[in-house]
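Structure, as structure tokens:
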Amino acid sequence: MVRIVHIADVHLGYCCKNVGDKSASREQDFLNAFQRVVDYCCDPGHHVDALIIAGDLFDMADPPSDLVGFVQKNLSSMRQNGILVVGVPGTHDAYGYKSCIYRKNQLEGMHILVSLKEPFIRELSGEKVFFYGAAYIPGVSENHFKSFSPFQEEGIHIGIIHGSVGLPHHWEGRGQDLHIDEHEIARSNLDYVALGHFHNLKQMTCGNTLAVYPGSLEGKDFSESGQRFMVVVDFRGKSPHITPVPVNTRTIKTIDINLSNQPLESMNDLVTYISRTYSDPASIISLNLQGACQFPLDLEYLRHALGDQFFYLQLKDSTTVVDSDIVSSWKEERTIRGMYVTTLLHKIARAEGEEKLILEEALKIGITSFMEASP
Ligand SMILES: [Mn+2]
């Protein structure tokens, strides 16, 4: 049985600006994830024949030498263990850049495929395996995949493509991408297509061909939430069976908390509730507070009070005070704050869209100020 590990979008060298002062530690996570893949492959008990890297191994075309050294060390381990490494350039480490690392032949032991004309052929675990891949240069390369057909020879035929297959709506308009239709993959009759470019795990059956995006190995932002995987592909005969294996150090999570459903009366209650329910020091969390809040919300206080409960915490205030007890009680008062609340509530009731949101924010700020003045 031939066993191949398929990864893509490793983005080594990615600058993690979105986690504040944790950026250096977070950048190390990306290296550790790649290291974990290499360690998995080199473990003799796993019987891995080859590693496919389907583009964006690096976050940049011309990585700094410490990063190249790190990758070279791992490629050398792979070679010592007799494991083939084959890949294509991506969009971040694109072949179109003159300074592209893959043009310099600096990385020994990684076979970068640049043209679909010639397959790269190796015998693995007694089977002849054909790898087809190309470097795509926007505006220069044609989409050779449109007229592609594999060699008519017995063996396992694998395509490696960094591009968009089955385009989600929000990716439209990215003119620089290589676009491939699912029916083109079906027509190729390849046994497996190792994809890269979309950062979340996705598998597609196109005719007789299985095409898989493994996704990124560490989430780059909050759109890459949940576990991250390498894909272990076992060929029983010619037919591929995949097992996603988690590799990430940290998990990105988005959590919505509806305060209307919680009997919380103060910031301290909220801190206690969040710590008890969601504390997770290894994770990167986006916490979205929603619903009616019965007390002034102080996000800076919350961020510091929750301190080391999370690796990194992003807070979003989507709460409303319109339906809170405090507003209900103040609007009955014949006082300045009573008039303020009543006037704002009238305006909010008549407003729409962005104006409504601005007025709700004004009500929140006003209530906080009144409370600070006379708690
Ligand atoms: Mn990528």
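Quick notes on this structure:
- The residue list Leu306, Ile252, Val341 was ranked by how far each Cα lies along the charge dipole of the stretch 252-373 toward its positive end, using unit charges on Cβ atoms, and Val341 comes out on top.
- Sequence-ordered 3J(HN,Hα) estimates for the stretch 341-352 from the Karplus curve with 6.51, -1.76 and 1.60 and θ = phi - 60° stand at 5, 4, 4, 5, 4, 4, 5, 5, 4, 8, 7, 9 Hz, glycine and proline given as x.
- Annotation for the stretch 179-273: GluC sites (Glu not before Pro) lying in DSSP loop with at most 11 further Cβ atoms inside 10 Å of their Cβ are Glu265.
- Look at the alpha carbon pairs under 8 Å that are at least 6 residues apart: their mean separation over the length of the chain gives a relative contact order of 13 percent.
- Inter-site label distance for Lys98 and Gln80 at 7 Å from Cα along Cβ, in nm: 3.8 nm
- Under 5 Å, built H, 5+ apart or other chain: amide partners of Cys206: Ala211
- Pairs from Lys202/Lys238; Lys117/Lys220; Lys253/Lys356; Lys73/Lys220 whose Cα-Cα separation, in the structure shown, is over 26 Å: Lys117/Lys220; Lys253/Lys356
- Where trypsin sites (Lys or Arg not before Pro) in DSSP loops with at most 10 other Cβ within 10 Å are excluded, longest remaining stretch of the chain: 118-333
- Set of the stretch 1-31 residues, backbone N closer than 19 Å to the point 7 Å along the Cα-Cβ line of Gln203: 1-9
- Candidate aspartates and glutamates - alpha carbon under 13 Å from Lys146, same-chain residues fewer than 8 apart omitted: Asp181, Glu182, Glu184
Here, each number is a calculation from the coordinates, and none is a lab measurement. Just so you know, these numbers come straight off a predicted model, no measurement behind them. For neighbour counting, all protein chains shown are included, and Cβ atoms are generated from backbone atoms with ideal geometry for every residue, glycine included.
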